[in-house]
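These notes are about the structure you will find just below.
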Amino acid sequence: MDSLLIPGLILVLVAVGVLLAIRAWNHRGEHPYPAAAPQPGPDSAELARASAAKLNEEQHRRLYALIAQGQAMAAIKVYLEATGEGLRASRDAVAALAAHPQPFRAPEAAPAAVPDEDDVPQRFSYRYRAIASKGDVTREVSSNMLNDEIYGRIRTLAKSGDTEAAATALTRHSDISMKQAREFIALLED
């Protein structure tokens, strides 16, 4: 039995050595840091949208041109320089943008707000005439504190149903009473 034990151990050691050699052969081309972009995670569509929003039109165009050419490292560099984020965050963002292409969207302008009560209306060198009519009823407001932009905001408020804010804005930019402003705004509501 002793005569079979040693050849059996040798056979097991040779089999283990062959298996390790096959495994090493299969993994010989792998590098611990793969050159390909990492696979995006489950939330990468949202990451892609957020990442694309940080780019201007030229940066967006350059980044997607590099992605299309397979130049992931150059795309990461463009993103890193454009946003100032770290290398890992830039790598993840480029991977998400490659996996979920995003069209360029110009940043939306903030909606124009009605000036605060503390703001003093500006006086213009001309008198602006705003006219509203409905049926036989016509009202006119003439003021050197109105212009097309301010009157447009007042009309928008009136048409959206916020008549009190529209009347308040009209009284601030003219010399009419609140009752007269409400009558004027009532003609703009339709």
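The values are calculated or read from the model by the stated rules, or taken from the named source; none is laboratory data. What you are looking at is a predicted structure, and each value in this text was computed from that prediction instead of being measured. Using ideal geometry, Cβ is built from the backbone for each residue, glycine included, and neighbour counts are taken over all protein chains shown. Heads up: the accessible areas ignore ligands, DNA and RNA and are worked out on the full protein's heavy atoms, side chains in. Shrake-Rupley method; radii C 1.70, N 1.55, O 1.52, S 1.80 Å.
A few points about this structure:
- Which listed residue, of Asp92, Asp136, Asp119, is at pLDDT 85 or above and either surrounded by 15 or more Cβ atoms within 10 Å (Cβ to Cβ) or touching a Lys or Arg at 6+ places or on another chain (Cβ under 9 Å) (or both): Asp92
- All positions within the stretch 158-183 that are over 18 Å from Gln122 (Cα atoms), open to solvent by 30 Å² or more (accessible area, probe 1.4 Å) and assigned to a helix (DSSP H, G or I): Lys159, Thr163, Glu164, Ala165, Met178, Lys179, Gln180, Arg182, Glu183
- Criterion (modelled with pLDDT of 85 or more and touching a Ser or Thr at 6+ places or on another chain (Cβ under 8 Å)) met by exactly one of Leu19, Leu55, Leu47, Leu13: Leu55
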